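Okay, structure first, notes after.
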Amino acid sequence: MARKFLPQIATGNDLLEGDVVYFTEQGDWTRKHSDAVVAETPEQAETLLGAATLFPHQVVGVYLADAQLVNGKPAPVHFREIFRTKGPSNYFHGKQAEV
């Protein structure tokens, strides 16, 4: 049985800094998960992935991640994606230091 399509966002890692980044509606990258553009159909997801992969010298490891809409903004669904929004876990720095 086919899995129900969930909204998706495009994510990857900034090539220079290694930070997790998310593709925006403006066609650039942000470090804020909530600013990511959301694909709500499989067709939109394919288009989104195609656009996001056009930055091979800026972002690596681009893929689509499931998301849920919370107050109109994307939020991570899977534990891995929740973990990635918090930044590196080896010591207190980056996104963790901003909280």
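The values are calculated or read from the model by the stated rules, or taken from the named source; none is laboratory data. Worth saying up front: this structure is predicted, and the values here are computed from it rather than measured. Glycine gets a Cβ as well: all are built from the backbone with ideal geometry, and neighbour counts include every protein chain shown. Each accessible area value is taken on the protein alone, full model and side chains, heavy atoms only, with ligands, DNA and RNA left out. Shrake-Rupley method; radii C 1.70, N 1.55, O 1.52, S 1.80 Å.
For the chain, give the percent of accessible area contributed by carbon and sulfur heavy atoms, probe 1.4 Å, rounded to a whole number. The nonpolar share, carbon plus sulfur, comes to 57 percent.
Comparing 70, 62, 20 in a Gaussian network model of the chain (Cα springs below 10 Å), the most mobile by mean-square fluctuation is 70. Nearest 10 degrees, 0 to 90: what angle lies between the long axis of helix 42-52 and the longest principal axis of the chain (Cα atoms)? Roughly 40 degrees, rounded to the nearest 10. Note on the chain: dipole from Cβ charges, positive end direction compared against 58, 26, 78; the farthest Cα belongs to 78.
Quote the charge dipole size of the chain about the Cα centre in Debye, to the nearest 20; the model charges only the Cβ of Lys and Arg (+1) and of Asp and Glu (-1).
Working: 9 positive and 12 negative charges, 80 e Å.
It comes to approximately 380 debye.
Per residue, the chain reaches -5500 deg cm²/dmol at 222 nm when only DSSP H runs of four or more residues are counted, each adding -39500 (n - 2.57). For the options 61, 12, 72, a Gaussian network treatment of the chain with springs between C-alpha atoms closer than 10 Å singles out 72 as fluctuating the most. The length gained on full extension between residue 5 and residue 49, counted as 0.36 nm times the residue separation minus their Cα-Cα distance, comes to 14.3 nm. At a Cα cut-off below 20 Å, give the aspartates and glutamates reachable from residue 86, other chains included and same-chain residues fewer than 8 away excluded. List returned: 14, 17, 19, 35, 66, 98.
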